[in-house]
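Here the structure is laid out as structure tokens; the discussion comes afterwards.
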Amino acid sequence: MPPRLPLPALPTLLALLLTGCVPATERPSWRVYALQRQRPGDGLAVVSRPGGEGLHLWLEVNTAEKGICTPLWTPDGARLRGGDGDQPTSSGRAPREEFFQSMAHGPVRLALQRQLRRLCRERAPESAFRWQPPPRRPRDLAPETHPLLEARDLLSHPRAVRRAEKRLLGLPLTPEDWDDRPLPPPPEGP
């Protein structure tokens, strides 16, 4: 009597057979590699769609906590094109759903962890890297904040910008152009 397959193995075998029927050009390669955004190490390419398309994830780290460096998750990556070739490009914005689908793949999360660890070593060599897993569902996202836009020390004072504009235009500077007192907080509301 021939051996019988256990019932749970049957759907797995069927899925493998059906996957083998799809040509390689119509399947994503799930290739994952570092892809520079502005500086080396601040981006990751994930070929998650057929034809070499996918995501160009933008990597950023948070060094606000003294001695600790953690990932800052940005689920809005760029659309990757030519990801399986030697000249990948990115433009536009990929849907967030693709980000969450990519986070379901272990090799993508492992590559993210390695790349973010390197980025932390580069940006804050004295800080310890603390891995925080990426969000896997929309509800896992932290409330939307823009720490780089809210950090006052990272934004130029408006009067300093005005001074630079006047210098470029050849306009005379007035005493009020030199008043760099702290600005009042922005008004509440939309």
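Of all strands (runs of 3 or more DSSP E) completely enclosed by region 20-76, which ones contain at least 3 residues that are at pLDDT below 90 and over 12 Å from Leu116 (Cα atoms)?
Working: elements: 32-34, 43-49, 53-58, 60-62, 68-72.
Because the criterion is at least 3 residues that are at pLDDT below 90 and over 12 Å from Leu116 (Cα atoms), no strands (runs of 3 or more DSSP E) in region 20-76 meet it.
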- Message: If Glu60 satisfies all but one of (1) in contact with a Phe, Trp or Tyr (Cβ under 9 Å, 6 or more places away or on another chain); (2) exposed (fewer than 13 other Cβ atoms within 10 Å of the Cβ), what's the number of the condition it fails?
- Response: (2)
- Query: Residues of region 138-164 being loosely packed, with under 10 Cβ neighbours inside 10 Å and at pLDDT 80 or above, which ones?
  - Reply: Arg139
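Leu14 - would you say it is of a type in the set (A, V, I, L, M) and modelled with pLDDT of 80 or more?
Numbers: of a type in the set (A, V, I, L, M): yes; modelled with pLDDT of 80 or more: no.
So Leu14 does not fit the description; no.
When only residues in region 165-179 that are in contact with a Lys or Arg (Cβ under 9 Å, 6 or more places away or on another chain) and in a helix (DSSP H, G or I) count, which is surrounded by the fewest Cβ atoms within 10 Å (Cβ to Cβ)?
The extreme case among them is Glu176.
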- Query: Restricting attention to region 95-129, which residues are surrounded by 14 or more Cβ atoms within 10 Å (Cβ to Cβ) and not in a helix (DSSP H, G or I)?
  - Reply: His105, Ala124, Ser127, Phe129
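The values are calculated or read from the model by the stated rules, or taken from the named source; none is laboratory data. Keep in mind it's a predicted model, so treat the numbers as computed, not measured. Every residue, glycine among them, receives a Cβ derived from its backbone with ideal geometry; neighbour counts consider all protein chains shown.
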